[in-house]
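Step one of this worksheet: look at the structure below.
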Amino acid sequence: MSLALPADLERAAAPDSGRFGILRQLLFGTPGSTIATGALALLAIAVTIGPLAWGKNPTTLNILNALQAPSWAHPMGTDENGRDVFARFLAGGWLSLIAALLVAVSAALVGGLLGVIAGFVGGIVDAVIGRFMDAILAFPALLLAVAVTVGLGAGVWTAALGILLGAIPWYALLLRSDTLRVRNRAYIEAARALGARRALLVRRHIIPHVMPTLLVQFAAVFGYAVLMLAGLGFIGLGAQPPTAEWGSMIAEGLQYTLTGQWWIGVFPGLGVFIAACATAVLADQMAKVLDPRRTEG
Amino acid sequence: MRFFISRLVGGVASIFGASVLGFIFLRLLPANPTRLLLGPLASPAAVRALRLQMGLNRSVPVQYWDYISQFFRGSWGYSYIYGRTVRELIASRLPASLELELCAFAIALFFTLLLALLTTYRPHRFLSGLTRGLALFGQSTPVFWLALVSLVVFVSWLKILPGPNGQLSAGITPPPVTTGMVLIDSLLAGDLTAFWNACEHLVLPAVVLSLPSFGFLVRLLRANLLDVAHEPFLLVARGRGLSRWKTYSRHALPNAALPTLTASGLLLAQMLAGSVFVETIFNWPGVGALVVNSVSNEDYSVVQAFVLLSACAYVVLNVLIDLLSGVLDPRVRRRAA
């Protein structure tokens, strides 16, 4: 038995406070979130340095080597053109994760800005932004992205644009209602009475307040973007051959599932699954830590 | 009354907005919208003729009016791959899609009710964990990957289900078409062999398609049930001598079901998106597989019609759900008015 020091007691009472405490709780607060953080980190490291370390070219054809089962030389086997599936997995993962990250960041910027403006300014600006968001929300998200890619030409970046467009209202509507909630609070009125300009009000008082919502949404949109990008790639509207991308790799593997070469489609799908699942767990954990009112049993 | 009118007007406004967006992306922004409709093989003369016919040299509002009035009159263009009008094509493919989607919905709903009730009626650690895990799995697994893995496991390894060859095996005579849904048609014809075969073909795609909806629904219903569980009126009901189950089924469940109903418009979006993938992988002769096939053949008139149609269906359903929850719950009406 050891004696509990006052400092330890204090820490036990308020286990995590301060910026790093919250971050630690976000990433490692529960066993589930620890696993999710680990899996995402592993995936990120693999797709970042993996292509260099592995050294095989994801687009080099080698017909003599086609449809090989997983082995030490090809941990994920080879596809119908003899390309190394592991090299394609890494290259495709890089593209998918970077594109999803860009979608999540730019949707947060555009949607967040629109939401805060709509909530803070109100009136006609709010109405116009609201109608625009309604028009986007009238489409099932995947089909809006399909429309954009069909109209502008298939490719990863048009697909990303379509997904981005669909994700903007999620941020905008949530941040608008958050902004509305604080806009008329006394401390904002006090700051205004002291002569604070609008820009300062937004920067000092509104943005910190809406940050938790923004972060939770950010995680959710990232996972959703990974799923949607793969979906569009699967349909044939995302990355075009011979570029490696998880969704299109699954589509290429489709015709070989029943002839026994399952590895072509199953491994890239596993990548999508891990990325989306880990992000979903982290988003849940964020919602719990940053907004204790929302609890999920 | 004001509530109903405002909801209807809102719905019309949404469809208008969606049609403008569709017009911008499918007609205004493409460098050559006629190519999109006629396909890569059309002759320059045909492209020029359609250009004139579509009035691409006229002003944007006139073009928009043409575009939208044609759509609502039901002339959705012509598929050059199938050699039929898009309307015929979609109508002929719709029953198979509906069959699959209704079954998937039924499965999702059944397991949602079962697991949400079981895990909230009495706290059960293992079942709660299982439900949460399943919900997470369903919501974040790409359906197309799940479909692929299920094929590998059940068809290729275990060999207990037939391969992905549509609604019936090759050797089975299809029943006479009355509804277009093989399950019902074979029952109507009294053909049990075909019925059983159709069931075997349906189970895998339907379960795969139901998983995302299940994940979404069960999380929502559980959260709502747990929210309601702390309400004082439940304590009052118990205090008045109602049994635990009666309190639960008469008071807790209806109150938790309403918010769940409101969000179920999203289910349609999930089903539409999911069916595109699942039908393709299982060679299901529905609209979703048609759309993917059209994309790979650059037969875009089918895709364009499908996109706008699903936007309309989505808006109409959401308006209906809004109206229904207004009918069921007076508070919704009052809040809106």
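No value in this document is a laboratory result; all are computed from the given coordinates. A quick note: this is a predicted structure, and the numbers were derived from the prediction, not measured. All Cβ positions, glycine included, derive from the backbone under ideal geometry; neighbour counts span all protein chains shown.
Tabulated values for the structure
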| item | result |
| --- | --- |
| MRE, 222 nm, helices only [DSSP H, n ≥ 4, -39500 (n - 2.57), over chain B, to nearest 500] | -23500 deg cm²/dmol |
| Cα-centre dipole for the protein assembly as shown with unit charges at Cβ (Lys and Arg positive, Asp and Glu negative), debye to 20 | 2260 |
| Other protein chain Cβ atoms within 10 Å, averaged over every residue that makes up B:292-304 | 3 |
| Reachable aspartates and glutamates from B:K246, criterion Cα separation under 17 angstrom, eight or more residues apart if same chain | B:E231 |
| Per-residue HN-Hα couplings for segment B:132-145 [Karplus 6.51, -1.76, 1.60; θ = phi - 60°; Hz; x = Gly/Pro] | 4, x, 4, 5, 4, 4, x, 6, 10, 8, x, 4, 5, 6 |
| Using a Förster distance of 22 Å, the FRET efficiency for B:T173-B:N283 (Cβ separation, nearest 0.05) | 0.75 |
| Residue exposure sequence - A:W157, A:W262, A:W94 - by fewest surrounding Cβ within 10 Å | A:W157, A:W94, A:W262 |
| Dipole of the protein assembly as shown, positive end: most advanced residue of A:L64, A:H205, A:T34 [Cβ charges, Cα centre] | A:H205 |
| Length gained when the stretch B:V316-B:I24 is fully extended (0.36 nm per residue, less Cα-Cα span) | 102.9 nm |
| Averaged over A:145-158, number of beta-carbon atoms from partner chains that fall within 10 Å | 5 |
| Cα centroid of segment B:157-211 to Cα centroid of segment B:99-149, whole Å | 23 |
| Nearest-0.05 FRET efficiency for B:R125 and B:F233, computed from C-beta distance (R0 35 Å) | 0.80 |
| Within a Gaussian network of chain B (alpha carbon springs, distance under 10 Å), most fluctuating of B:W145, B:W245, B:W196 | B:W245 |
| Hits among aspartates and glutamates - C-alpha to C-alpha of B:K159 under 16 Å, sequence gap 8 or more where chains match | B:E200 |
| Value of relative contact order over chain A, rounded to a whole percent, pairs C-alpha under 8 Å and six or more apart | 23 |
| 10 Å binning of all Cα-Cα separations within chain A, expressed as whole percents from 0 upward | 6, 22, 27, 22, 14, 7, 2, 0 |
| Helical mean residue ellipticity (222 nm; -39500 (n - 2.57) per DSSP H run of 4+; nearest 500) of chain A | -24000 deg cm²/dmol |
| Average other protein chain Cβ within 10 Å of Cβ, residues A:83-93 | 0 |
| Max mean-square fluctuation residue, GNM over chain A, Cα-Cα springs under 10 Å, options A:I63, A:I98, A:I206 | A:I63 |
